[in-house]
Amino acid sequence: MRSLVSFVLLLLVAVVSAISTTGNRLLVVLDDVAEKEGYSKFLGDLESRGLTLSIETPKSESLSLFHLGERAYDHVILFPTKAKGLGPSLTANILLQFLGANGNILLTLSSGSATPSALVSLLAELDIQLPADRTGLVVDHFNYDSASAPDTHDVLLLPPPGPLRSDIKDIFSAGAPADQLIAFPHGVGAALGAGELLSPILRAPRTAYSYNPKEQSEAVVDDLFAAGEQLSLVSTFQARNSARFTLVGAAELFQDKWFDAEVKKTGGKAVKTFNQEFAKRVSGWTFQEIGVLRVNWIEHHLNEVGASNESNPKIYRIKNDVTYTISLSEWSWTAWNAFSVPKNDALQLEFSMLSPFHRLPLRLNAKQSTAEQAAYTSSFKLPDQHGIFNFKVNYKRPFLTNIEEKNTVSVRHMAHDEWPRSFVISGAWPWIAGIGATVTGWLAFCALWMYSAPVGGKKESKKTQ
Amino acid sequence: MAKSRNVTPSPAAAATAAAAPPQQPSTPAPAPAPVKQVAKSAPSSKQNWDQVVVNLVNHYQNKTPQRTKLIDAFMAFLVVVGALQFVYCVLAGNYPFNAFLSGFSATVGQFVLTASLRIQTTEANKSDFPSVSPERAFADYVVCSLILHFFCVNFIN
């Protein structure tokens with residue numbers, strides 16, 4: 001009975017933690033709790049994925065991201081608010097602390113309301129720039145929805161974005177139907193800094209630009225904040241601790257009406273939006289439900305005939321043959337899968353003391369891999385240098401958890417009796433023969449010396465007598 | 001060496017007193033002949049040099065004790081062995097270096113020890129080593145050689 005209860009409990013824990021690798025407490029910050037009706041499909045989707053939602057307004061006094069110094073929530077969604085400030089519980093500093101404590105943040109903006117200054121300074125900390133007076137609108141006179149915005153051109157229609165680079169897996173639009181479009185209504189575009197932690201998911205089309213609808217008349221737009229692909233519509237920031245932050249320029253992208261809407265480019269036919277699936281993937285990535293890597297185990301051992309096969313020894317000798325294996329899993333939605341390195345990418349092992357002495361490709365080892373984990377192996381000869389070395393795997397890619405694994409080993413020099421004997425080295429044979437000739441010559445000389453009677457000996461003795 | 005070479009004539013002269021009977025029959029026979037030749041062909045300096053060499057060789061063959069000849073033969077052998085090792089090192093490289101050092105220095109060291117034995121056992125140097133008999137010199141030589149071989153064989157590993 002007791003074991004049954006514990007089994008059920010374990011199962012429950014497993015089911016509860018099945019959604020996200022970091023936790024399931026989600027805080028939704030809305031200007032007004034009633035607004036959640038507009039996002040019911042999106043929030044329902046999140047709930048069906050196992051997240052427990054707490055809906056709060058910035059004005060709520062009980063709202064606090066931390067409780068007794070620990071995170072009170074695992075994830076936060078911030079929807080746009082009308083208020084200028086977000087209040088004392090959602091300052092830029094607290095949100096950054098939340099990121100630092102491995103919390104994930106999904107931040108949405110809208111051109112309809114000015115961005116609160118707390119969020120502007122948070123974005124500035126992350127090197128994301130917003131238009132100057134905290135309000136901007138992205139328009140495109142070529143890729144707009146002619147059904148809902150025939151005059152304002154502020155509902156952008158974009159094809160699913162595809163992979164960021166050729167060596168990165170396409171996790172946001174893989175398998176998207178070719179004819180579906182992402183509707184990006186009334187959104188704010190951001191300009192990203194050059195930091196390597198930032199990567200855009202969705203860039204504006206080349207013909208889009210951002211302007212201030214309140215101050216700049218639509219006819220003459222001379223001072224643009226940014227235009228074309230400079231504008232990032234959906235951007236991500238993955239901190240060094242792998243906490244994730246996503247900025248979505250248009251909160252309406254998540255609204256029910258855009259999940260079901262049919263959109264139509266000028267001259268095109270009406271198509272369904274890709275918004276629902278896109279929102280699922282963006283939120284899923286942000287809340288660590290996809291693109292999460294885990295190191296299961298690391299093993300290294302001597303790879304020499306007749307040597308002990310002990311795992312992870314503390315010490316090696318220079319020029320030893322060594323095999324290193326690392327096991328990686330990738331979490332995708334509900335299960336750990338074997339992680340496969342993208343086609344044009346490489347997983348590398350560094351053997352380094354201050355700087356790498358070797359940087360070697362790690363190859364998939366099918367023998368040790370299973371469906372849940374993939375083992376990557378590299379076998380190599382240690383460098384001819386003794387000292388304290390690290391086996392280091394440093395794999396940091398956009399949209400994937402950062403992996404930085406260091407295993408320290410000592411590499412000793414050769415012991416005096418580990419050098420090859422001279423007679424093993426054929427190059428030394430002439431010199432061995434040289435010693436041999438000298439010694440045998442010397443023996444022969446001594447023998448001859450002792451047997452050759454001194455010719456004058458008798459005479460000398462005679463003389464002395 | 002050079003010194004002992006220069007000195008050789010005088011001990012030879014001194015030695016004649018001791019070793020006169022066996023050498024005398026051979027010495028006069030070649031000696032007069034070259035003198036005549038030199039007188040005949042005075043202008044040819046080449047012949048003159050041949051004469052010097054022949055003289056030298058004859059003198060060496062006749063006046064050098066048997067054991068010194070033996071030492072010289074052994075030293076010549078060591079020079080050949082050492083030269084071969086060095087040439088091999090120049091041509092084929094010095095890896096493994098300890099083997100080269102060991103092999104070459106065994107030969108060179110043996111040469112040096114043998115040279116010392118020659119100096120100590122030469123009659124002409126007797127005044128320099130009044131307390132060292134040839135037997136004592138040979139015993140020293142054997143001990144030192146054994147130590148040298150011990151070191152070299154260990155060092156070549």
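Some points to look at:
- Test result for residue A:132, in a loop (DSSP other than H, G, I, E, B), assigned by TED's automatic domain parsing to the domain that holds residue A:244, over 31 Å from the mean Cα position of the chain (by Cα) and buried (at least 17 other Cβ atoms within 10 Å of the Cβ): no
- Criterion (closer than 20 Å to residue A:313 by Cα, open to solvent by less than 80 Å² (accessible area, probe 1.4 Å) and away from chain B (no Cβ under 14 Å)) met by exactly one of A:369, A:378, A:340: A:378
- Checking each residue in the stretch A:227-276 for being part of a strand (DSSP E or B), of a type outside the set (Gly, Ala, Ser) and open to solvent by 10 Å² or more (accessible area, probe 1.4 Å) picks out A:237, A:238, A:262, A:271, A:272.
- Considered as a group, the residues in the stretch A:400-438 that are under 30 Å from residue A:21 (Cα atoms) and either β-branched (Val, Ile, Thr) or assigned by TED's automatic domain parsing to the domain that holds residue A:242 (or both) include one that is most open to solvent (accessible area, probe 1.4 Å), and that residue is A:408.
- Of the residues making up the stretch A:352-362, at least one is on the phi < 0 side of the Ramachandran plot and in contact with a Gly (Cβ under 7 Å, 6 or more places away or on another chain).
- The lone exception for residue B:31 - which of (1) at the interface with chain A (Cβ under 10 Å from one of its Cβ atoms); (2) modelled with pLDDT under 95 it fails: (1)
- Any hit, the stretch A:388-411, residues being touching a residue at least 40 places away in the same chain (Cβ under 8 Å), within 14 Å of chain B (Cβ to nearest Cβ) and over 25 Å from residue A:167 (Cβ atoms): no
- Residue, least open to solvent (accessible area, probe 1.4 Å), within the stretch A:343-366, restricted to residues that are outside any strand (DSSP E or B) and without any contact (Cβ under 8 Å) to a residue 40 or more places away in the chain: A:362
- Test for residue A:371: is it among the aliphatic types (A, V, I, L, M) and assigned to a strand (DSSP E or B): no
- Residue A:388 over 25 Å from residue A:281 (Cα atoms) and loosely packed, with under 14 Cβ neighbours inside 10 Å: yes
- Members of the stretch A:191-207 that are assigned to a loop (DSSP other than H, G, I, E, B) and closer than 22 Å to residue A:125 by Cβ: A:193, A:194, A:195, A:196, A:197
The values are calculated or read from the model by the stated rules, or taken from the named source; none is laboratory data. These numbers were taken from a predicted model, which means no experiment stands behind them. Note that each Cβ is placed from the backbone with ideal geometry, even for glycine, and that neighbours are counted across all protein chains shown. Areas reflect the complete protein model, heavy atoms only, side chains present, ligands, DNA and RNA absent. Shrake-Rupley method; radii C 1.70, N 1.55, O 1.52, S 1.80 Å.
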